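Structure, as C-alpha cells:
The values are calculated or read from the model by the stated rules, or taken from the named source; none is laboratory data. Since this is a predicted model, take the numbers as computed values, not measurements. Cβ placement follows ideal geometry from the backbone for every residue including glycine, while neighbour counts extend to all protein chains displayed. Side chains are part of the model used for accessible areas, which takes the heavy atoms of the whole protein and leaves out ligands, DNA and RNA. Shrake-Rupley method; radii C 1.70, N 1.55, O 1.52, S 1.80 Å.
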Amino acid sequence: MSSTPPAPAARPSTQRASDRFIAYVHQLCASNRTRAELRRGLGLPVDRCNYLHRYLVPFLAQAHGERITREQRRAYYAVAALIAARPRAVRDAEPAGWHEGRPPQNWFARANLGACLGHAAANGVLKARSAEDVLHLMCRQSAENIHPGLPALTRQLANGGVAVDWAVLLEDLARWDRDRDRIATRWLESYFRVLHAEDPVDLTASNALNDSTEENES
C-alpha cells in the first residue's frame with residue numbers, strides 16, 4: 001500500500017511560493033520511496049511524469065488553483081525531480097550566500113544558475129570556457145529544450161560542491177519563455193561577476209539591474 005503524501009504547509013504570508021515548494025519537496029524526500037518516484041521525472045515533460053502527480057498536484061492546487069500555466073507546471077515538476085536526484089553526499093549543502101539554512105534576505109542576492117556556473121568555474125569544477133559555452137547555449141534555448149540538460153548539469157555542480165538554489169531556478173524556469181532575455185542577461189551577468197570576484201563565496205550583493213527586475217512569479 002502506498003503512503004499518503006504529507007499535506008502542503010499552510011501558506012505563510014511572508015514566504016514565496018517557490019520557497020514553500022522547495023521545503024515541501026525536501027519533506028517528501030525524507031521517504032526513500034517517494035524520493036525514488038520523484039526522481040523518475042528527471043528531464044521529462046509533465047505528461048510523462050505519472051508518478052509525480054500524487055505528490056505535486058496537492059501543492060500546486062493550493063498555491064495556484066487553476067491559474068498555473070503549462071510552463072510553470074513543467075518547472076515545478078522538473079525541480080522536484082532534480083532535488084530528489086541529488087547525490088546523497090551533498091544533500092545538506094547550502095547554496096552560496098546562505099547561512100545556517102537561511103537565504104540572503106534580498107531575493108536578487110541569491111545565486112541563480114549563472115552564478116552557480118561561475119562558482120564552478122572559479123573553483124575548478126568546470127573549465128571556464130566550458131562553463132561559459134554551456135551558459136551561452138542554455139541562454140539561446142527555449143524552456144522545452146533547456147530542461148533535458150538540467151539533470152546532468154546540476155549533478156555535475158553538486159558533485160563539485162556547488163549547491164543550486166532550487167527556488168531561484170524554479171522561478172527562472174517558470175518564466176523562461178516569457179522573459180528569457182531578461183533572465184539570460186541576469187545569468188550571464190552573475191556568471192562573470194562571480195568568476196571575477198576576489199571572494200566568490202562571499203558575493204551576495206545584488207546590483208541595480210537585478211534590483212530593478214520585476215519579481216519572478218513562481
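Structure above, values below:
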{"read-out": "Unmet criterion (only one of (1) open to solvent by 60 Å² or more (accessible area, probe 1.4 Å); (2) within 16 Å of the chain's Cα centre (by Cα); (3) over 21 Å from residue 176 (Cα atoms); (4) among the charged types (D, E, K, R)) for residue 86", "value": "(1)"}
{"read-out": "Qualifying helices (runs of 4 or more DSSP H) (wholly inside the range 42-145; at least 1 residues being more than 18 Å from residue 190 (Cα to Cα))", "value": "53-64, 70-84"}
{"read-out": "Qualifying positions in the range 109-130 - hydrophobic (A, V, I, L, M, F, W, C), surrounded by 21 or more Cβ atoms within 10 Å (Cβ to Cβ) and closer than 19 Å to residue 173 by Cα", "value": "111, 113, 115, 116, 117"}
{"read-out": "Test: residue in the range 167-182 that is out of contact with any Asp or Glu (no Cβ under 8 Å at 6 or more places or on another chain) and of a type in the set (Gly, Ala, Ser)", "value": "no"}
{"read-out": "Residue under evaluation residue 146, criteria (1) buried (at least 19 other Cβ atoms within 10 Å of the Cβ); (2) over 20 Å from residue 83 (Cβ atoms); (3) among the β-branched types (Val, Ile, Thr), criterion not met", "value": "(2)"}
{"read-out": "Residue 158 touching a residue at least 40 places away in the same chain (Cβ under 8 Å), open to solvent by 10 Å² or more (accessible area, probe 1.4 Å) and assigned to a helix (DSSP H, G or I)", "value": "yes"}
{"read-out": "Subset of the range 2-53 [hydrophobic (A, V, I, L, M, F, W, C), modelled with pLDDT of 95 or more and in contact with a helix residue (DSSP H, G or I) (Cβ under 7 Å, 6 or more places away or on another chain)]", "value": "21, 22, 25, 28, 29, 38, 42, 46, 49, 52"}
{"read-out": "Failed criterion for residue 135 (all others in (1) within 27 Å of residue 102 (Cβ to Cβ); (2) in contact with a Gly (Cβ under 8 Å, 6 or more places away or on another chain); (3) not small (Gly, Ala, Ser) hold)", "value": "(1)"}
{"read-out": "Criterion violated by residue 191 - all others in (1) in a helix (DSSP H, G or I); (2) surrounded by fewer than 16 Cβ atoms within 10 Å (Cβ to Cβ); (3) touching a residue at least 60 places away in the same chain (Cβ under 8 Å) satisfied", "value": "(2)"}
